[in-house]
Structure formats: C-alpha cells, structure tokens
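Structure first, commentary second.
The values are calculated or read from the model by the stated rules, or taken from the named source; none is laboratory data. Just so you know, these numbers come straight off a predicted model, no measurement behind them. Cβ placement follows ideal geometry from the backbone for every residue including glycine, while neighbour counts extend to all protein chains displayed.
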Amino acid sequence: MVLAMSSFHLTEKFALFHEHWRPKVVARLNGQEVKLIKVQGVFPWHTHATEDEMFLVWRGQFRVEFRDRVECLGPGGMIVVPAGVEHRTAADEEAEVLCFEPAGVRNTGDVEDAEFTAPTGISL
C-alpha cells in the first residue's frame, strides 16, 4: 500500500498482477480509493446507487456502454459514470484502467456475479 508522500510508477504496479476485472487498490485519499484494473471482454450491466465512478485509461482501448450510447476511450481518455446510471465496461483486447471511487464500492454494484464480483480492498 502506498503511504503518504510515497511515489510509484503505474507501469510497475500493473506488472504485479494479471487477472482481469479484479481491482487492486494502490492509494487511498479522502475516503476514496484509486484502483488499477486489467480488463478484457465484457463486464455485466450494473449500477452503483449512490457512488460515482471515474475511469481513466492507462493502456489500450476501453468502452463504457450505456443503454443509449457507447463511449470509446484510449490512453488518457477519462469518463465519470454518475451514481444510478446503468452501464457496463468492455475491452476487445486487454486494457489497463484506473478507477477512482469511494472506498469499499463493489465492482459489480447492484449485481452479484459469480465470475465478475471481486473482493473489495485488495491492495498492491
């Protein structure tokens, strides 16, 4: 876990794990967690009733799909999904994404999924 005023490089942190859709916390601040996620394939539709989510693409191509549109993001691309908005995320090939959200948020929101629901708070 990153301590106050400790620095690290995202490429090195992403190299520490290989599984997809399993967020890893690399920093905590003001009740928020900064999570690294490797993604590939299509994630289930879900909502987060009270939490906004911010995604920032580090490497690869990443989609955030809504019922009425699809947002495609490449490296440096960012999107905030407001609380209560149904969405799913996807990547045709492996991508690396940062997610900023309140501590303890379940990655599948209101959905319990045997394959995709990940434990919360796993740190690198």
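Scanning the range 29-53 for residues that are out of contact with any strand residue (DSSP E or B) (no Cβ under 8 Å at 6 or more places or on another chain) and within 20 Å of Gly84 (Cβ to Cβ) yields Ala49, Thr50. Answer yes if at least one residue in the range 45-67 is among the basic types (Lys, Arg), without any contact (Cβ under 8 Å) to a residue 24 or more places away in the chain and at negative phi, and no otherwise. Yes, the range 45-67 contains at least one residue that is among the basic types (Lys, Arg), without any contact (Cβ under 8 Å) to a residue 24 or more places away in the chain and at negative phi.
In the range 1-22, the residues that are under 13 Å from Leu98 (Cβ atoms) and basic (Lys, Arg) reach residues that are modelled with pLDDT of 75 or more and surrounded by 10 or more Cβ atoms within 10 Å (Cβ to Cβ) with C-beta atoms within less than 6 angstrom, at least six apart or across chains, in these pairs: Lys13/Val26; Lys13/Leu36; Lys13/Leu124.
Listed by first and then second residue, the pairs linking a residue in the range 107-120 that is in a loop (DSSP other than H, G, I, E, B) to a residue that is loosely packed, with under 12 Cβ neighbours inside 10 Å, with Cβ atoms under 7 Å apart and 6 or more places separating them unless they lie on different chains, are Asp110/Ala49; Thr120/Gly104.
Listed here are the residues, each with its yes/no results for (1) at pLDDT below 95; (2) surrounded by fewer than 16 Cβ atoms within 10 Å (Cβ to Cβ).
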site	(1), (2)
Leu56	no, no
Leu73	no, no
Asp92	no, yes
Ser123	yes, yes
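Checking each residue in the range 15-51 for being assigned to a loop (DSSP other than H, G, I, E, B) and either in contact with a helix residue (DSSP H, G or I) (Cβ under 9 Å, 6 or more places away or on another chain) or of a type outside the set (A, V, I, L, M, F, W, C) (or both) picks out His18, Glu19, His20, Arg22, Pro23, Asn30, Gly31, Pro44, Thr47, His48, Thr50, Glu51. Scanning the range 80-106 for residues that are acidic (Asp, Glu) and either assigned to a loop (DSSP other than H, G, I, E, B) or touching a Ser or Thr at 6+ places or on another chain (Cβ under 8 Å) (or both) yields one hit, Glu86. Taken over the range 1-58, the residue count meeting the criterion of being among the aromatic types (Phe, Trp, Tyr) and closer than 19 Å to Ala114 by Cβ is 3.
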